[in-house]
Each structure stands twice: as C-alpha cells, then as structure tokens.
Amino acid sequence: MDEGYIKFNSDWKKTPPLPFSKINNLNNWRQQLYDVKLVGAYPNGIGYGNVSQRADKNNFFISGSKTGNYKQLNEAHYAKVIDFDLQKNWVKCTGATIASSESMSHAVIYQQYTHVNAIFHVHHLELWKKLLWKIPTTPKSAPYGSPEIANEILQLFKTTDVLKQKIFAMAGHEEGLFAFGETLDEAGNVLLSLIEN
C-alpha cells in the first residue's frame, strides 16, 4: 500500500503555523469526519483522508500529510497551497507541515471551478463499494496523488454530472471518495447524509 505517500515534487517553505482563525471551521469539519471514521488511520499507522478550503483565488488550506493518525488537529497540522503545476507534478506550499499527498487533486478542482470552496477526500470501504460506478468514478488505471488522477478528475467534471452530485469515487484508490461544495457544510453534509442512510 502506498497510501499517504507524496508523489508530487514539493516546494515547501516551512513557516510558523497558520492563524487558527483561518482554519477553525475547516478543522471542525475534519473532526466530524474523523469521529465517523471517514478520516483517520489504518491499524498499520498509515493515515487516510484530508480536508481543504479555498483561501483566495486558487490558494487553499489543506490538512497536512500524515495527519490521519491524530485524533485532533491544530493549526500546526495544516498547510496553505499557494501554487501548483500539473504538467511538472509540482506543488508549492507554506505552513508548519507539508500539504497532503492529495493536494494536486484538490488544486485542479479549485482552479477550474471558482464556486467550489471546500473539498473533502475520505475513505469508507462499504460506501465506496456501494457507490462505485453508480456515481461519477475515475478509472482504475489512475493512481491517487498523481497528475494522471488530477487529469481524470478534470475529465470527470467535463463529461458527467459530478457538479450536480457533488461527490465522486476513485476506482483506482480503494475506499476513496471526494465530496465538495460551495461551503464546508455543503461538502460535509453530502457525506454525512450518505453515512446515515
């Protein structure tokens, strides 16, 4: 399993933690998702899931790499992605931790769809099996955290009604689901409503 490993070229400028006020609401949603095990860590210690929120233009705050093991996060566990290049497989970020391994996937959605302000990547085996191919789904050949998956996500947005459904599955990333919305609440409630049903 290569879950949680960063596959992009990173330009990380380590800085003091982000102001907590900037990520407070995002962190509250991360906690809710952690509490229902949509974000967390496997028994082998590998973390899964990440949350992000648009900061301005194409910049966004995202939970850091390998933070799934922490029951609660604080400002030191978040990064700000300030630039990226899909063709060069490159992400530039600041903060006290490096951005999540899924940052590229978040970045392409924020860049293309200015009304999307929150994105949650979660894991849930039963829900994934139930939804796979019944909702917009990226192909099995595209591995997580890669330019290939980022391109497939863009293709999905162009060729399906994913903007209406606000959720998609990843065939090549077992358990992996992405939900998004104009607000944190919209993205989070897409997932919670499915868990409750």
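The numbers here are math on the coordinates, done by the rules we state, and not lab data. The structure presented is a predicted model; accordingly, all values stated were derived computationally and were not measured.
Structural descriptor for the chain: relative contact order 22 percent, calculated from alpha carbon pairs under 8 angstrom and at least 6 residues apart. Computed from Cα atoms alone, the Kirkwood hydrodynamic radius reported for the stretch 65-177 is 14.8 Å.
Given the pairs 130/158; 22/140; 57/88; 129/164, which span a C-alpha to C-alpha distance of over 25 angstrom in this model? Beyond 25 Å between Cα atoms: 22/140. Scattering from the chain was approximated by placing one identical point on each alpha carbon and applying the Debye formula without solvent; log10 I(q)/I(0) at 0.13, 0.16, 0.17 1/Å stands at -0.60, -0.95, -1.10.
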